Each structure stands twice: as structure tokens, then as C-alpha cells.
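Please read the structure below before turning to the comments.
The values are calculated or read from the model by the stated rules, or taken from the named source; none is laboratory data. This structure is a prediction, so every number in the text was calculated from the model and none was measured. Every residue, glycine among them, receives a Cβ derived from its backbone with ideal geometry; neighbour counts consider all protein chains shown. Each accessible area value is taken on the protein alone, full model and side chains, heavy atoms only, with ligands, DNA and RNA left out. Shrake-Rupley method; radii C 1.70, N 1.55, O 1.52, S 1.80 Å.
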Amino acid sequence: MPSNKSVSDAPIVQFTNCRILRDHRLQREDLWVREGKILNPEKLFFDEKGSADVQLDCKDSIIAPGFIDVQINGGFGVDFSLATDDFKSGIDLVSKQILSHGVTSFCPTLVTSPPSVYHQILPQINVRNGGAHGAGILGAHLEGPFISKEKKGAHPEHCLRTFEAGAFQDLLATYGSLDCVQIVTLAPEMRRSSEVIRELTKRGICVSLGHSVANLSQAEEAVQHGATFITHLFNAMLPFHHRDPGIVGLLTSDKIPAGQRVFYGMISDGIHTNPAALRIAHRAHPKGLVLVTDAMAGMGLAPGRHTLGQQVVEIDGLNTYIAGTKTLSGSVATMDTCVRHFQEATGCSVETALEVASLHPAQLLGIEHEKGTLNYDSDADFLMLNDSLYVQATYIAGEEVWRQDVSGM
């Protein structure tokens, strides 16, 4: 049956012999793609009287939405918090390399830095679609400098800031511009943080709570003002205490506004979070869990000394520390590794392991109608994986942008 070219001249590709992650379960169906979007085959057959121009045998692969990393500081020797003359080529390199990890969209993350660094770097971060050139850029994640001194982690203390009388104007002066910003991490116990959270939320920017000594009521107040995310749960916050569980208590709080969901990031690298803590969080609030890598410049490189913004860090195996200390500083984990470790640690289903790295981050950012699912009319950003969840191929807008070399896994 010929294609109905009156609707579109673009070729229709039919991916066959696969299991598609749709509606929270793997379904044995074909995937139809045209012009970068996922097609509804019923409409194609009955409305357009169309058929596929190309058929691709997926050899029983799993097809899942592309991974979305909302907290990645760099990789492959590139540090997103370092103002360099070739910053754009650095971000291009990372976006290209993470295709092999199954990441099709990401938020380049800047750790606490001097205002001059934000002013130089942020104008060079442009929201853009992914493609053969690399993963799409959803906007920057600014982690700091409005965070707690006590829970600064790997963030340089001399660059930390507080909100003064101007509050939101202080933030604007520090960053210079919010044009490309998608997420801001701040400590909600800071004076005047509520008005900042409201202003950011009004502009469609996701506010995340982290690097904080907030108690539960302070965290709940921040959520009531619009905060929707927790930066790397358990790390750089007060430990859970039964009388005041702090930010961790948001996972089971009864003070969350109706219709609002609190999401929380977790670094599932086997280093930052004990498997038991992963299981506790997942069982307490499974629909809010978002896997993040928190990867830094040393990801993909040999052990040794690298940077994280203003700090020198040392990589020893999968451990990363501020040089000369035992303070953890980011990770060198890849997103596909985090997905596999998460499934192993929690014993969750394959579907769940894939959704915490795709659907949930898309829901967090409010882009689940375009990304994070394989629903009809959504972007055809997807992965082919084997049953062990190793990525075999990465597609963006229906085009293959990376494939595993068959000579070696």
C-alpha cells in the first residue's frame, strides 16, 4: 500500500521485533516514526492509508525513551563551571559523548562560582535540540551559590552567598541572566528564600532544595511556595532524624499542596548512596525518584586530579574527593550505569528502572508531552537496549546518533 504523500513527503520508519516501554510496561508492538515524532499507526493506516517506507528489525531489543540527566557538571575533561575560551566546544564534546550512555537531553550544571563565572558562561549555554551533534540541552542547572555553609560539600566557601534586602535582585545580579536557566538549587532555610522561590517559579524555573540544614517545616514551606525538587537526596543535607526528618521528610509529608509532586534526585553510583538508602527512598515515594549522575569533568577519564569548578578533585576508582580530603565531590558514573545499579539495588522492574531516568525527569521539568515517553506525537528520542539494560543504540528525532560497536561491549 503506497504512502499518502498528501500528508507528508517524509519517510515513515517502522521499528519491528521489539518491546516498547509505553504506559509503564514493555509491550510487544512496532514503533512508527516520521519527521522526528512517534506516529499512531491506526491513524496512519485508516486516515492516511499509509504504510512504512523503511522497516528496521530491532532483534528483540527493548525500546525505551532516551535518558534525561538534570544534574551533570561535565565529563571527558570538560568542566561546565570553568570559564574558558572554548566553552562551546567543551559542551559540544560532552553532549556528543553522553549519547553512548543513552542520554538524549541534559541540563549542564554549574556548581557554586563567582558572579564573573556565571556572567561569562551562562550566555554561552543555549537551549537546543539534540541530533547527530549530541544530546539536546534543556537549560542550565545552577547549584548554588545560595546554599548552606554547613552543608557546602564540594562547593567553595568563599563563593557562597546569602539573600540580602533585594533577594531576587541579588540572585539576578549574581547570575547575570536567567534566560537559559532550567533549575536553581538553593537552601530554603535562608532568609528571604520564599520570595526568591516564588519569583523563580513564576518564570517557569524549577527550584530544587539542597546543600541545606533546613528542618521539615522550612522544606514544606519552600514546597508550598513552588519548590518541586530535592538535589541529590541524603547528600549535603541533615541526616534523617525521627523527630524532625528535615528535607528527607518531604518524601512522606502530608503538607504538600494538592496536585503537586515533589521529585528528588539520587546518585545511584554505589558510592554516594548506600543501596539500603536507595531502597528506603524508592519504597517511600517511588513516583518522585529521578536518577542523576552528578558527573564531573573526570567522567570518562583515568583516575587522577581533575577540577570541579573552583576546586581540585581526586578520582580514586569510583570515588571522587576534594583533593587532600575525604569530602565527596560529584561522581564519575554514567547514566546507563546508574540505571543498572538502581535496578540491582532495589530489585525494581525493568520498566521502573528505565522510567526513573526518562519519564520522571521529564515530568519534573514539565516536558513529559514531548520527552520521557514513547506516546504518540512525542519526540522520537529513544534507546535500544538489551535485557541487561546495556545501550545498543541511541536515536534522537528518529535518527540513529550512536550505535554500539559490535566488536565489543
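Scan Gly204, Gly153 and give me the residue that is at positive phi, part of a loop (DSSP other than H, G, I, E, B) and at pLDDT 95 or above.
Numbers: Gly153 fails: at pLDDT 95 or above.
Testing whether each residue is at positive phi, part of a loop (DSSP other than H, G, I, E, B) and at pLDDT 95 or above leaves just Gly204.
Return the only residue of Gly300, Gly309, Gly330, Gly317 being in the same structural domain as Ala276 (by the TED database), free of Cβ contacts under 8 Å to residues at least 40 places away in the same chain and out of contact with any helix residue (DSSP H, G or I) (no Cβ under 6 Å at 6 or more places or on another chain). Working first, answer last.
Numbers: Gly300 fails: free of Cβ contacts under 8 Å to residues at least 40 places away in the same chain; Gly309 fails: free of Cβ contacts under 8 Å to residues at least 40 places away in the same chain; Gly330 fails: free of Cβ contacts under 8 Å to residues at least 40 places away in the same chain.
After ruling out the rest, the residue left standing is Gly317.
Under 6 Å between Cβ atoms, which residue pairs at least 6 apart in sequence (or on different chains) link something in region 379-394 that is farther than 14 Å from Ser358 by Cα and open to solvent by less than 10 Å² (accessible area, probe 1.4 Å) with a partner that is assigned to a strand (DSSP E or B) and basic (Lys, Arg)?
Between residues of region 379-394 that are farther than 14 Å from Ser358 by Cα and open to solvent by less than 10 Å² (accessible area, probe 1.4 Å) and residues that are assigned to a strand (DSSP E or B) and basic (Lys, Arg), the close pairs are Ala393/Arg403.
Is it the case that Val184 is in contact with a Leu (Cβ under 6 Å, 6 or more places away or on another chain) and either surrounded by 23 or more Cβ atoms within 10 Å (Cβ to Cβ) or at negative phi (or both)? Before the answer, list the steps.
Values: in contact with a Leu (Cβ under 6 Å, 6 or more places away or on another chain): yes; either surrounded by 23 or more Cβ atoms within 10 Å (Cβ to Cβ) or at negative phi (or both): yes.
For Val184, the condition - in contact with a Leu (Cβ under 6 Å, 6 or more places away or on another chain) and either surrounded by 23 or more Cβ atoms within 10 Å (Cβ to Cβ) or at negative phi (or both) - is met.
Which one of these is open to solvent by less than 60 Å² (accessible area, probe 1.4 Å), of a type in the set (Asp, Glu) and touching a strand residue (DSSP E or B) at 6+ places or on another chain (Cβ under 6 Å): Glu314, Glu370, Glu351?
Numbers: Glu314 fails: open to solvent by less than 60 Å² (accessible area, probe 1.4 Å); Glu370 fails: open to solvent by less than 60 Å² (accessible area, probe 1.4 Å).
Just a single option satisfies the conditions, and that option is Glu351.
Filter region 81-108 down to the residues that are free of Cβ contacts under 8 Å to residues at least 24 places away in the same chain and in a loop (DSSP other than H, G, I, E, B), then identify the one that is surrounded by the most Cβ atoms within 10 Å (Cβ to Cβ).
In this case the residue turns out to be Thr84.
Which one of the conditions (1) among the hydrophobic types (A, V, I, L, M, F, W, C); (2) open to solvent by 30 Å² or more (accessible area, probe 1.4 Å); (3) part of a loop (DSSP other than H, G, I, E, B) does Ala173 fail to meet, given that it meets all the rest?
(3)
On the basis of being in contact with an Asp or Glu (Cβ under 8 Å, 6 or more places away or on another chain) and assigned by the TED database to the domain that holds Thr185, does His24 make the cut? It would help to see each step written out before you state the result.
On the way: in contact with an Asp or Glu (Cβ under 8 Å, 6 or more places away or on another chain): yes; assigned by the TED database to the domain that holds Thr185: no.
No: the conditions fail for His24.
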